[in-house]
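Asker: Sharing a structure with you now.
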Amino acid sequence: LYPEMCRAIDAAGDARAKLALVIEAALAGNLFDAGAAAAVQNVAFCDEEQKACEFPEDESKRFNLDATQLFATFAKAQEKVMRPARGWKFDDFEAIAERLSGPKPWKRVLIFCDNAGADTMGMVLLARYLASINGVTQVALVANETAALND
């Protein structure tokens, strides 16, 4: 899944499109936390409002998604968090894009993330992008050493 996501981001047209993709990946990773089976099931098998779910009859297939299913499920999570034309409810995208492309980009970025699952993948994609856009920004990922309730 990670290499596919890297290729999709690298193939995006311009810096703003890439920034949107990595932010959406970070948000989708949080929604699609691979460490939480119920969350993955809801994204994979339920409608957008999670009112109607169609789980496989074979119960083992609910928890064991192959790479193709994981990619498709992550893509569904991304669709749910895509930035609408009017922006997200809490949206600093424009300010972030301007800062990253302006004369004074951040020298250091500290990203707090989960210590397992797709949340981590989304944050690693964000860190990878931020570290690649200029020769100035240093990026560090920070996570709990052990699992935390409601992390």
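Asker: If you scan the range 1-27, which residues turn out to be charged (D, E, K, R) and open to solvent by less than 20 Å² (accessible area, probe 1.4 Å)?
Answerer: Going residue by residue through the range 1-27, those that are charged (D, E, K, R) are 4, 7, 10, 14, 16, 18, 24.
Once the filter is applied, which keeps residues that are charged (D, E, K, R) and open to solvent by less than 20 Å² (accessible area, probe 1.4 Å), the range 1-27 yields only E24.
This table checks each residue for (1) touching a Leu at 6+ places or on another chain (Cβ under 8 Å); (2) part of a helix (DSSP H, G or I); (3) open to solvent by less than 50 Å² (accessible area, probe 1.4 Å); (4) modelled with pLDDT under 70.
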{"site": "A38", "(1), (2), (3), (4)": "no, yes, no, yes"}
{"site": "A77", "(1), (2), (3), (4)": "yes, yes, yes, no"}
{"site": "A85", "(1), (2), (3), (4)": "no, no, no, no"}
{"site": "P103", "(1), (2), (3), (4)": "no, no, no, no"}
{"site": "D114", "(1), (2), (3), (4)": "no, no, yes, no"}
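Asker: Can you tell me which residue within the range 87-101, out of those that are part of a helix (DSSP H, G or I) and of a type outside the set (A, V, I, L, M), is most open to solvent (accessible area, probe 1.4 Å)? Give the derivation first.
Answerer: Looking only at the range 87-101, we keep the residues that are part of a helix (DSSP H, G or I), and these are 93-101.
Cutting the leftovers down to of a type outside the set (A, V, I, L, M) gives us 93-94, 98-99, 101.
Numbers: F93: 10, E94: 77, E98: 122, R99: 100, S101: 96 Å².
Only one residue fits best here, namely E98.
Asker: Quickly run through the range 11-23 and pick out the residues that are more than 21 Å from T73 (Cα to Cα) and charged (D, E, K, R).
Answerer: Those that are more than 21 Å from T73 (Cα to Cα) and charged (D, E, K, R): D14, R16.
The values are calculated or read from the model by the stated rules, or taken from the named source; none is laboratory data. It should be emphasised that the depicted structure is a prediction, and the values quoted were computed from it without experimental measurement. Neighbour counts are summed over all protein chains in view; Cβ atoms, including those assigned to glycine, are modelled from backbone coordinates with ideal geometry. Side chains are part of the model used for accessible areas, which takes the heavy atoms of the whole protein and leaves out ligands, DNA and RNA. Shrake-Rupley method; radii C 1.70, N 1.55, O 1.52, S 1.80 Å.
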